[in-house]
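Beneath this line is the structure, given in structure tokens, with notes to follow.
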Amino acid sequence: MTKSIFEVKIIGHIRTDFPGKFGVPRQSGIVETLEGRIEFEKEYAQPEAFRGLEGFSHLWIIWQFSEAVREKWSATVRPPRLGGNTRVGVFATRSPFRPNAIGLSSVRIKKIDLNTPKGPVIYVSGADLMDGTPILDIKPYLAYADSHPDAVDGFAGQIGCTKLKVVFPEALLKQIPGEKREALLGVLEENPVPHYQKDAERIYGFGFAGREVRFRIADDELTVVEVE
């Protein structure tokens, strides 16, 4: 018999440069230069709740796939990494379309500021979340227990991850804030487009740091064609 669980509370939200889902890295830590900050709801913005966290280098973030909440779920999904046609079990993937729309990300702690006007704020890098994503909990990453050098990646590790060559005209790159450029280049190198999409003439685009970045992909080269 299915039992309901306890109420899950939103303890805060993360602020990032991605207003939408498209363009967000597929996994946390892939683009280390991507930065974000976690802001907490008033009830949880108590400095004493963060005492000792400054001694850790990384965090686990438990969060809600707020843009993928559904009433129903499917036992199988079609991962873009497998071409979008092969079905595998949902529990063998990190798909957002799960019985419970919960995500898990490992990020690096850049800074903890306990005394902002909004209360404690944690600045992180390597996050794979869109702006405003609800945070359900945070936990310190423990290297002695959480790191498994002999881990096997299943089908995800059997497919090569070739970085794209990025052609970003200087005049367009200058429209991106200087401190954001390295992170954006890292996102583009990782190919934000599903692997099964091969239309060299199609123009893709996503929001980043208040700009709309549009580009084409041909073979292993991505060319930025417009920044608005």
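Data table
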{"quantity": "Label selected from (1) 160; (2) 136; (3) 145, the criterion being volume of the Cα convex hull per residue in Å³ as computed here", "calculated": "(1)"}
{"quantity": "Within straight-line cross-link reach of residue 139, lysines at Cα separation under 20 Å, skipping those fewer than 8 residues along the same chain", "calculated": "9, 42, 110, 111"}
{"quantity": "FRET efficiency, 1/(1 + (r/R0)^6) with R0 22 Å, evaluated for residue 10 and residue 30 via beta carbons", "calculated": "0.30"}
{"quantity": "Helical mean residue ellipticity (222 nm; -39500 (n - 2.57) per DSSP H run of 4+; nearest 500) of the chain", "calculated": "-2000 deg cm²/dmol"}
{"quantity": "Cα pair distances exceeding 25 angstrom across region 96-194, given as percent", "calculated": "43 percent"}
{"quantity": "With DNA, RNA and ligands ignored, accessible area of residue 220 (1.4 Å probe; Å², nearest 10)", "calculated": "100 Å²"}
{"quantity": "Scattering curve values for region 1-87, log₁₀ I(q)/I(0), Debye with Cα scatterers, q = 0.10, 0.11, 0.15, 0.24 Å⁻¹", "calculated": "-0.43, -0.52, -0.91, -1.44"}
{"quantity": "Nearest-0.05 FRET efficiency for residue 212 and residue 142, computed from C-beta distance (R0 45 Å)", "calculated": "0.70"}
{"quantity": "Residues with amide H under 5 Å from that of residue 208, placed H, sequence gap 5 or more", "calculated": "213"}
{"quantity": "Solvent-accessible area, 1.4 Å probe, carbon plus sulfur percent, for the chain", "calculated": "50 percent"}
{"quantity": "Two-site FRET efficiency, residue 152 against residue 181, from Cβ-Cβ distance with R₀ of 41 Å, rounded to 0.05", "calculated": "0.70"}
{"quantity": "Accessible surface of residue 125 - all protein chains present, 1.4 Å probe, nearest 10 Å²", "calculated": "0 Å²"}
{"quantity": "Length gained when the stretch residue 116-residue 88 is fully extended (0.36 nm per residue, less Cα-Cα span)", "calculated": "5.6 nm"}
{"quantity": "Heavy-atom accessible area order for 204, 196, 123, largest first, 1.4 Å probe", "calculated": "196, 123, 204"}
{"quantity": "Descending principal axes extents, region 136-195, alpha-carbon based, whole Å", "calculated": "47, 30, 22"}
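The values are calculated or read from the model by the stated rules, or taken from the named source; none is laboratory data. Because the structure is predicted, anything quoted here is derived from the model rather than measured. Cβ atoms come from the backbone with ideal geometry, glycine included; neighbour counts cover every protein chain shown. Heavy atoms of the whole protein, side chains included, go into the accessibility calculation; ligands, DNA and RNA do not. Shrake-Rupley method; radii C 1.70, N 1.55, O 1.52, S 1.80 Å.
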